[in-house]
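S.K.: The following block contains the structure, expressed as structure tokens.
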Amino acid sequence: MRFTIAGITLASTAVITTLAASPAIAATPSLPAPDISGVLAVQKQAMANGAPGALTRIDSGNSSYRISMGQADTVARTAMDADRRFRVGSVSKSFTTVVLMQLVAEGRIDLDAPANTYLPQPLPDDRITVRHLLSHRSGLWDYTNDMFYYTVPGFESVRNKVFTYQELIDLSTAHQPTNAPGAAYSYSNTNFVVLGALIENITGVPMATHYQQRILTPLNLRNTTYVHPQTTISGSYAHGYLRQDDTTLPLVDSTEQTVSWAQSAGAVISNAADLNRFFSALVTGKLVPAAQLQQMMTMVPVNADGTQSYGLGLRARKLSCGVTVYGHTGTVQGFYTYAFTTADGKRSMTSMANTSNNGTVNTILGGTLEAAFCGTTTAKATTLKTTEGETFTEDIAPQVVRHNR
Ligand code: HEL
């Protein structure tokens with residue numbers, strides 16, 4: 001069923017569909033209705049700033065809104081649609097956390113025990129606990145800072161590579177830590193690679209099997225896979241287009257890669273419907289028991305004004321209308337993702353733009369949260385700039401600036 005919503009000027013390629021009888025019925029009465037024209041405005045702005053395409057799916061009670069525009073494949077000129085699969089990057093961290101927290105609930109892992117208790121090869125600092133890893137407070141250096149300093153050369157040097165967890169951990173521990181364990185929030189992919197190593201070591205079961213048995217099968221997430229180190233994406237998917245550091249050069253099709261540099265920190269493939277179902281199920285207690293969920297959702301502010309916070313493998317964003325949403329963001333070469341849900345799981349939203357290394361597009365895309373949960377129409381385009389003029393994200397840590405031109 002297709003809708004053209006009155007009063008909205010659609011970009012020629014925009015597609016809006018709703019699966020419910022009426023888009024006016026909002027299942028979460030305390031929230032304003034999603035602002036579809038606001039989502040369209042954000043997506044249009046993302047495309048005006050370099051994204052070949054964008055998609056958003058909002059699931060709100062019995063209503064589902066699917067909004068897409070632009071291209072999923074710029075060579076074949078295939079239109080984007082909101083069902084396409086894509087690489088979700090660090091949204092994978094919430095999946096890994098669910099596996100870990102189930103093991104905690106089973107009494108196999110203690111959150112406050114030293115990670116070294118469970119690792120095949122010890123980290124240099126015995127004081128790092130499992131909780132420090134999950135909350136990005138271990139101080140372990142993020143090896144991707146070096147790996148992707150030069151965007152396309154960095155990407156090409158790893159795109160077909162297969163790493164062991166230990167090889168990635170060694171890249172990190174060759175550096176001094178960023179802080180003493182527990183002393184500060186400093187986002188690091190290393191933390192979730194260590195968690196993958198830890199989970200596989202104590203269970204003897206690969207992460208792919210854990211994801212499948214503990215999350216994908218129970219929730220019937222048929223568009224979600226973890227296929228490391230396979231480089232291709234099956235089914236209907238969006239291509240990802242990486243912006244070069246010299247922005248006058250053409251975008252690089254970065255769809256196919258092993259994502260071995262991330263693994264349990266970022267190698268899941270999914271689509272918007274599955275991510276919405278995943279986060280809604282998570283916050284409503286369908287994946288981890290209440291005690292573990294409460295730990296995951298206990299948030300500590302990580303940015304200057306306290307609107308962004310991090311729990312255990314889970315982000316929270318306080319929006320302008322006072323609503324706090326829970327989920328994760330993701331950046332993997334060619335794809336930016338936002339996947340969030342309300343505390344009661346009744347409204348969920350995933351948006352994706354098929355480009356990356358373009359901080360302006362990423363910040364703009366975040367405006368879909370306001371439109372989806374607060375019903376506001378203004379596309380937020382504020383970008384944070386370093387003194388050298390580079391854009392950066394507060395999602396990493398106030399004190400950490402990564403090159404994100
Ligand atoms: S970064 C983040 C995001 N997280 C972290 C993780 C993920 N993704 C990465 O670490 C990828 C880094 C390289 C990405 C690449 C690009 O833009 O495609 N950038 C460069 O090569 C820059 N020179 C904290 C933003 C998150 O939202 O959690 O995903």
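The values are calculated or read from the model by the stated rules, or taken from the named source; none is laboratory data. All figures in this text were calculated on a predicted structure; none of them were measured in a lab. Cβ atoms come from the backbone with ideal geometry, glycine included; neighbour counts cover every protein chain shown. Remember, those area values only see protein heavy atoms, side chains included, never the ligands or the DNA or RNA. Shrake-Rupley method; radii C 1.70, N 1.55, O 1.52, S 1.80 Å.
S.K.: Check off (1) touching a helix residue (DSSP H, G or I) at 6+ places or on another chain (Cβ under 8 Å); (2) surrounded by fewer than 21 Cβ atoms within 10 Å (Cβ to Cβ) for Leu168 and give me the number that stays unchecked.
M.R.: Status for Leu168: all satisfied but (2).
S.K.: Filter region 78-96 down to the residues that are polar (S, T, N, Q) and open to solvent by 10 Å² or more (accessible area, probe 1.4 Å), then identify the one that is nearest to Asn191 (Cα to Cα). Break it down stepwise before answering.
M.R.: Going through region 78-96, the residues polar (S, T, N, Q) turn out to be 78, 90, 92, 94, 96.
Next, from what is left, pick out any that are open to solvent by 10 Å² or more (accessible area, probe 1.4 Å): 78, 90.
On the way: Thr78: 37, Ser90: 12 Å.
Among those that are polar (S, T, N, Q) and open to solvent by 10 Å² or more (accessible area, probe 1.4 Å), it is Ser90.
S.K.: Residues that are within 16 Å of the ligand (Cβ to nearest atom) and buried (at least 23 other Cβ atoms within 10 Å of the Cβ): does region 282-290 have at least one?
M.R.: Checked region 282-290: no residue is within 16 Å of the ligand (Cβ to nearest atom) and buried (at least 23 other Cβ atoms within 10 Å of the Cβ).
S.K.: Could we say that Arg243 is more than 16 Å from the ligand (Cβ to nearest atom) and either among the polar types (S, T, N, Q) or under 19 Å from the mean Cα position of the chain (by Cα) (or both) here?
M.R.: Working: more than 16 Å from the ligand (Cβ to nearest atom): no; either among the polar types (S, T, N, Q) or under 19 Å from the mean Cα position of the chain (by Cα) (or both): yes.
Taking the combined requirement at face value, the residue does not satisfy it.
S.K.: Let me ask another. Out of all the residues in region 203-228, which are touching a residue at least 40 places away in the same chain (Cβ under 8 Å) and of a type in the set (A, V, I, L, M)?
M.R.: Within region 203-228, Met207, Ile215, Leu219, Leu221, Val227 qualify.
S.K.: Let me ask another. For region 103-116, which residues satisfy the criterion of being more than 20 Å from Val288 (Cα to Cα) and open to solvent by 90 Å² or more (accessible area, probe 1.4 Å)? Please lay out each step first, then the result.
M.R.: Kept after step one, since they are more than 20 Å from Val288 (Cα to Cα), are these residues of region 103-116: 114-116.
Within region 103-116, none qualify.
S.K.: Do we find a residue being in a loop (DSSP other than H, G, I, E, B), within 23 Å of Met299 (Cβ to Cβ), open to solvent by less than 30 Å² (accessible area, probe 1.4 Å) and not basic (Lys, Arg) anywhere in region 153-164? Don't jump to the end; show me each part of the working.
M.R.: So the first thing to find is which residues in region 153-164 are in a loop (DSSP other than H, G, I, E, B), and the list is 159-164.
Next, only the ones that are within 23 Å of Met299 (Cβ to Cβ) stay: none.
Looking for residues that are in a loop (DSSP other than H, G, I, E, B), within 23 Å of Met299 (Cβ to Cβ), open to solvent by less than 30 Å² (accessible area, probe 1.4 Å) and not basic (Lys, Arg), one finds none in region 153-164, hence no.
S.K.: Still on this model: Against the condition aliphatic (A, V, I, L, M) and either within 11 Å of the chain's Cα centre (by Cα) or more than 16 Å from the ligand (Cβ to nearest atom) (or both), how does Val325 come out, does it pass?
M.R.: Values: aliphatic (A, V, I, L, M): yes; either within 11 Å of the chain's Cα centre (by Cα) or more than 16 Å from the ligand (Cβ to nearest atom) (or both): no.
Considered against the rule, which asks whether it is aliphatic (A, V, I, L, M) and either within 11 Å of the chain's Cα centre (by Cα) or more than 16 Å from the ligand (Cβ to nearest atom) (or both), Val325 comes out as no.
S.K.: What are the pairs, 6+ residues apart or on separate chains, where a residue within region 89-112 that is of a type in the set (Gly, Ala, Ser) has its Cβ under 6 Å from a residue that is away from the ligand (no atom under 16 Å from the Cβ) and assigned to a helix (DSSP H, G or I)?
M.R.: Here the result reads Ala105/Gln292, each pair linking region 89-112 to a residue that is away from the ligand (no atom under 16 Å from the Cβ) and assigned to a helix (DSSP H, G or I).
S.K.: Which of the residues spanning region 144-171 are out of contact with any Asp or Glu (no Cβ under 8 Å at 6 or more places or on another chain), within 9 Å of the ligand (Cβ to nearest atom) and hydroxyl-bearing (Ser, Thr, Tyr)?
M.R.: First pass over region 144-171, keeping only residues out of contact with any Asp or Glu (no Cβ under 8 Å at 6 or more places or on another chain): 144-149, 153-158, 160-164, 166-170.
Those left that are additionally within 9 Å of the ligand (Cβ to nearest atom): 144-145, 147-149, 154-155.
Those that are out of contact with any Asp or Glu (no Cβ under 8 Å at 6 or more places or on another chain), within 9 Å of the ligand (Cβ to nearest atom) and hydroxyl-bearing (Ser, Thr, Tyr): Thr144, Tyr149.
S.K.: Any chance region 51-71 includes a residue that's open to solvent by 50 Å² or more (accessible area, probe 1.4 Å), among the aliphatic types (A, V, I, L, M) and over 15 Å from Gly375 (Cα atoms)?
M.R.: Checked against the condition, which is being open to solvent by 50 Å² or more (accessible area, probe 1.4 Å), among the aliphatic types (A, V, I, L, M) and over 15 Å from Gly375 (Cα atoms), region 51-71 yields no hits at all.
S.K.: If we scan region 171-181, do we find a residue that is of a type in the set (S, T, N, Q), in contact (Cβ under 8 Å) with a residue 40 or more places away in the chain and in a helix (DSSP H, G or I)? Quick ask: steps written out before the conclusion?
M.R.: Taking region 171-181 first, the residues of a type in the set (S, T, N, Q) are 172-173, 176, 178-179.
Pick out the ones that are also in contact (Cβ under 8 Å) with a residue 40 or more places away in the chain and you get 173, 178-179.
Imposing the further condition that a residue be in a helix (DSSP H, G or I) reduces the set to 173.
Yes - at least one qualifying residue is present in region 171-181.
S.K.: Restricting to region 87-111, what's the tally of residues that are within 16 Å of the ligand (Cβ to nearest atom) and either touching a Gly at 6+ places or on another chain (Cβ under 7 Å) or acidic (Asp, Glu) (or both)?
M.R.: Of the residues in that region, 10 qualify.
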